[in-house]
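Read the figures in this text as sums done on the coordinates, not as results from a lab. If you're wondering where the values come from, they're calculated on a predicted model, not measured in any experiment. Cβ placement follows ideal geometry from the backbone for every residue including glycine, while neighbour counts extend to all protein chains displayed.
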Amino acid sequence: MRFVDPRTFGFVAVFTPEELESDSMALLGRDAWHDLPTPDELAETLRNRTAPIKSLLLDQRIIAGLGNIYTDEILSLACVDPHREGGSLSRAEIESLHDAVGPVLDAAIVAGGTSLEDLAYLLPDGRAGEMLQQLQVYGMEGEPCPRCGTEITRRVLRGRSTHFCPHCQR
């Protein structure tokens, strides 16, 4: 086994079932790629939530496995404003979010992830992930939206860079 983690975000741990029950890992939500909550479950989770939807999607207790880059991409594909209160989303918007998760994560996995220009993330064999070339909004501040041509905006939302199209994502 080879574990490469230059950005020091990860770790490896082995638990017995009893240890896992008492560890903070037990608080993780369902896996975004393999066990995504249904639209009904997401609607229930988001009901009455006033936090921005981007922050809620990044909350690993709600859905585990979504990070900053892919959350921006999911919100863009779903045409949802990252600043919107989670509880304000319509059923159609929740379904759009749900339907955007798989395609974004599938594309990222096929591309080997996203290696930024600092090359802090590389594949185990040393190659760079190629998802950077497929990103629609993340890191594209000032570039035209591929959907409508409006300039992509970057704002900091609860300490995280957030990239979005102010026209498409309302």
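Points worth noting:
- Using only side-chain charges placed at the Cβ, +1 for Lys and Arg and -1 for Asp and Glu, the dipole size of the chain relative to its Cα centre rounds to 560 debye.
- Farthest towards the positive end of the charge dipole of segment 1-149, among the residues P103, A64, A13, is the Cα of P103, using unit charges on the Cβ of Lys, Arg, Asp and Glu.
- Of interest is the spacing of the C-alpha centroids, which for segment 1-62 and segment 67-94 amounts to 17 Å.
- Value of [θ]222 nm, deg cm²/dmol, for the chain, DSSP H segments ≥ 4, -39500 (n - 2.57) each, nearest 500: -9000 deg cm²/dmol
- Stretching the chain fully between V14 and R155 yields a gain of 46.9 nm (0.36 nm per residue, less the alpha carbon separation).
- Packing-based ranking of 146-155, 14-23, 62-71, 94-103 yields 62-71, 94-103, 146-155, 14-23, ordered from highest to lowest mean Cβ neighbour count within 10 Å.
- The gain in end-to-end length when the S24 to V110 segment is fully stretched comes to 28.0 nm, 0.36 nm per residue minus the alpha carbon separation.
- Between segment 103-127 and segment 128-170, the alpha-carbon center distance in angstrom: 18
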